[in-house]
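To start, the structure itself, in structure tokens.
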Amino acid sequence: MFCFQCEQTAGGKGCTKIGVCGKKPEVANKQDELTCALIGLARAAAHGTPDAAVNELMLQGLFTTVTNVSFDTVPTDALIGRIHAEKEKLDRQAQDFPVAELWSGNEDIVSLRSTLLLGLRGMAAYALHASVLGKEDPAVTAWFYKGMRALGENHTAEEWLALLMEFGQVNLACMALLDEANTSAYGHPVPVKVPLKIEKGPFIVISGHDLHDLKQLLDQTAGKGINIYTHGEMLPAHAYPELKKYPHLKGNFGTAWQNQQKEFDQIAGPVLFTTNCLMPLKPSYADRIFTTSVVAYPGLTHINTVNGKKDFSPVIQKALELGGWQEDRSFTGINGGTEVTTGFARNTVLGVADKVIDAIKAGAIKHFFLVGGCDGARPGRNYYTDFVKKAPSDTMILTLACGKYRFNDLNIGEIGGIPRILDMGQCNDAYSAIQVALALAKAFDCGVNDLPLTLVLSWYEQKAVCILLTLLALGIKNIYIGPSLPAFLSGNVLSILVEKFNLKPITTPEQDLKAILG
Ligand code: SF4
Ligand code: SF3
């Protein structure tokens, strides 16, 4: 096996024996085969018109290979079979890409090609979430084929860089599509305080990014005496009016994904994983984990879509069987807080834009930091907690994705009635952050790079890759990135990004704050 797609890759170079994430060699090899089959499908699509089912296969195939999504070869094998069947229908001549060549060749070319592939994997997740809500952008869909075909072609370094920038723009369109899908289905997020307590009685914890799965689960549990708690990236769901209206959507359980093996120990309710990040199971809770969509783990009950609907009865049954805890249980965030706030997506923040602009002009707000991205297990990730704690009291912290659990239970005060930590949502809500930045730049009649705004990002998996490419494609410079640099960026490719975009690896909170604030 070879895999170097995520931040925790072995030795900062690549997993070759088994994944640090727990992915076994046979799973990694099967996912390579799947990727090569998808390149074959993209080639075939150039000679025919892929229908909705083929488009969905493309998204599912790419999303399956995202870190902490699938630990099972069986559904991957089934996908490969379906991809080959569709490829035959589109063009019998089209060849899969040779698996042996997927990660080999000139170091810089492999780096650039891999960056595009990993970005496409991330974007597929967003496109799939939008598609289950009935939203599709033909230009985005078409680019999956273009990008996957490109992986099987020879390009110069300049051409690969141009493809990466084009991809970044397409991913912006994809995040806009998902924003439109989420807000048109569930309304615009509003600020909301979310308790970290589990009430007595049966409950279900739902993890991952898929709001449509949550909606179906809420409908199917209504009036059954079962409470629903979000976990990980599902937290921002509480802010959507059409989801928050359910009285049994009670609160949030646990923190970011890497703490699940500890937090799920002896949990008295089932946990449903709608997307990443699933970790290898521990015996103390293995009997109560359920998967759906592309998430897969051997031996677990998987909830399939039948006629466009999911039947969560097995999860509901498990919740009733386990019965929950006999008394309310209080939990805290990483810093001891008992509640967290979310819902500061673009509509809310732009709704108080006048106040924000006045506060900047009056000097009450000196700087904005976007401190967000994926979380992970590395000790160096305390940087982000310390950064937020040490940021001066006249600075605002925008945040998103699961990296926020490092500090979202902190109370660091308000500026002019606006909390200093503003949770904008999931990783894909980077779209909201971009909209806010563009609106501020317009109000001040300057470029985004001239705003008192610095992005301090944490990365882990491939959705972070597609977002970073979008930010670079928008010309955003001076982004701080950590806790370590991607193994898939070769020395030369990294030099180009540093030179062109002034991409900076994080150092210490003190040093970086000093450099930013001068
Ligand atoms: Fe290693 Fe990350 Fe790949 Fe897992 S996803 S095998 S940890 S590089
Ligand atoms: Fe987190 Fe896995 Fe990336 Fe959507 S849930 S941000 S790591």
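The values are calculated or read from the model by the stated rules, or taken from the named source; none is laboratory data. A quick note: this is a predicted structure, and the numbers were derived from the prediction, not measured. We place every Cβ from the backbone using ideal geometry, glycine too, and count neighbours over all the protein chains shown. Surface accessibility is based on the protein's heavy atoms, side chains included, excluding ligands, DNA and RNA. Shrake-Rupley method; radii C 1.70, N 1.55, O 1.52, S 1.80 Å.
Considered as a group, the residues in region 447-470 that are within 22 Å of Ile365 (Cβ to Cβ) and in a helix (DSSP H, G or I) include one that is farthest from ligand 1 (Cβ to nearest atom), and that residue is Asp450.
Applying the set (1) of a type in the set (Val, Ile, Thr); (2) surrounded by fewer than 21 Cβ atoms within 10 Å (Cβ to Cβ); (3) within 21 Å of Val294 (Cα to Cα); (4) in contact (Cβ under 8 Å) with a residue 60 or more places away in the chain to Thr73 leaves exactly one unmet item: (4). Is there a residue being touching a residue at least 60 places away in the same chain (Cβ under 8 Å), open to solvent by 10 Å² or more (accessible area, probe 1.4 Å), closer than 16 Å to Gln169 by Cα and not aromatic (Phe, Trp, Tyr) anywhere in region 486-504? There is no residue in region 486-504 that is touching a residue at least 60 places away in the same chain (Cβ under 8 Å), open to solvent by 10 Å² or more (accessible area, probe 1.4 Å), closer than 16 Å to Gln169 by Cα and not aromatic (Phe, Trp, Tyr). Residues in region 347-362 that are within 17 Å of Pro191 (Cβ to Cβ) and touching a residue at least 60 places away in the same chain (Cβ under 8 Å) were compared, and the one that is most open to solvent (accessible area, probe 1.4 Å) is Lys355.
Ala359: more than 16 Å from ligand 2 (Cβ to nearest atom) and either in contact with a strand residue (DSSP E or B) (Cβ under 8 Å, 6 or more places away or on another chain) or not small (Gly, Ala, Ser) (or both), yes or no? It is true that Ala359 is more than 16 Å from ligand 2 (Cβ to nearest atom) and either in contact with a strand residue (DSSP E or B) (Cβ under 8 Å, 6 or more places away or on another chain) or not small (Gly, Ala, Ser) (or both). Restricted to region 51-70, and to residues there that are part of a loop (DSSP other than H, G, I, E, B) and of a type outside the set (Val, Ile, Thr), the residue that is least open to solvent (accessible area, probe 1.4 Å) is Asn68.
All conditions but one from (1) at pLDDT below 95; (2) within 16 Å of ligand 2 (Cβ to nearest atom) apply to Gly416; the one that does not is (2). Within region 347-376, the set of residues being assigned to a loop (DSSP other than H, G, I, E, B) and of a type in the set (Asp, Glu) comprises just one member, Asp375. Of the residues making up region 301-313, just one is under 19 Å from His209 (Cβ atoms) and touching a Phe, Trp or Tyr at 6+ places or on another chain (Cβ under 7 Å), namely Ile303.
Collect the residues in region 162-182 that are farther than 19 Å from Leu59 by Cβ and crowded, with 18+ Cβ neighbours inside 10 Å, keeping them in residue-number order. Residues satisfying the conditions are Leu163, Leu164.
For region 104-137, residues that are touching a residue at least 60 places away in the same chain (Cβ under 8 Å), surrounded by fewer than 19 Cβ atoms within 10 Å (Cβ to Cβ) and assigned to a loop (DSSP other than H, G, I, E, B) total 1. Taking (1) in contact with a Pro (Cβ under 9 Å, 6 or more places away or on another chain); (2) open to solvent by 30 Å² or more (accessible area, probe 1.4 Å); (3) farther than 30 Å from Lys24 by Cα; (4) not in a helix (DSSP H, G or I) in turn, Phe344 satisfies each apart from (2). The one condition from (1) in contact with a strand residue (DSSP E or B) (Cβ under 9 Å, 6 or more places away or on another chain); (2) surrounded by 24 or more Cβ atoms within 10 Å (Cβ to Cβ) that Lys244 does not meet is (2). Whether a residue is within 30 Å of Thr183 (Cα to Cα), touching a Lys or Arg at 6+ places or on another chain (Cβ under 6 Å) and open to solvent by 10 Å² or more (accessible area, probe 1.4 Å) was assessed, and Thr332 does not pass this test.
When the strands (runs of 3 or more DSSP E) confined to region 190-300 are screened for residues that are farther than 30 Å from Lys23 by Cα and in contact with a Gly (Cβ under 7 Å, 6 or more places away or on another chain), those reaching at least 3 such residues are found at 192-195. Can you spot a residue in region 74-83 that is of a type in the set (Lys, Arg) and not in a helix (DSSP H, G or I)? No, because not a single residue in region 74-83 is of a type in the set (Lys, Arg) and not in a helix (DSSP H, G or I). Taken together, Asn411, Asn428 contain a single residue that is over 24 Å from the mean Cα position of the chain (by Cα) and either part of a helix (DSSP H, G or I) or surrounded by fewer than 24 Cβ atoms within 10 Å (Cβ to Cβ) (or both), which is Asn411.
Met396 passes every criterion in (1) in contact (Cβ under 8 Å) with a residue 60 or more places away in the chain; (2) surrounded by 18 or more Cβ atoms within 10 Å (Cβ to Cβ); (3) outside any helix (DSSP H, G or I) apart from (1). Any residue that is more than 16 Å from ligand 1 (Cβ to nearest atom) and either surrounded by fewer than 16 Cβ atoms within 10 Å (Cβ to Cβ) or free of Cβ contacts under 8 Å to residues at least 40 places away in the same chain (or both) - is there at least one of those in region 368-379? Checking region 368-379: at least one residue is more than 16 Å from ligand 1 (Cβ to nearest atom) and either surrounded by fewer than 16 Cβ atoms within 10 Å (Cβ to Cβ) or free of Cβ contacts under 8 Å to residues at least 40 places away in the same chain (or both). Of everything in region 11-24 that is out of contact with any Phe, Trp or Tyr (no Cβ under 8 Å at 6 or more places or on another chain) and open to solvent by 40 Å² or more (accessible area, probe 1.4 Å), the residue that is farthest from ligand 2 (Cβ to nearest atom) is Lys17. Every condition in (1) buried (at least 19 other Cβ atoms within 10 Å of the Cβ); (2) more than 18 Å from Gly152 (Cα to Cα); (3) more than 9 Å from ligand 1 (Cβ to nearest atom) is met by Ala42 except one, and the failing one is (2). Quick one: would you say Met279 is touching a residue at least 40 places away in the same chain (Cβ under 8 Å), within 16 Å of ligand 1 (Cβ to nearest atom) and either open to solvent by less than 10 Å² (accessible area, probe 1.4 Å) or more than 19 Å from Asp409 (Cα to Cα) (or both)? Yes. If the condition is being open to solvent by 10 Å² or more (accessible area, probe 1.4 Å) and more than 21 Å from Ile80 (Cα to Cα), then region 138-150 contributes Pro138, Ala139.
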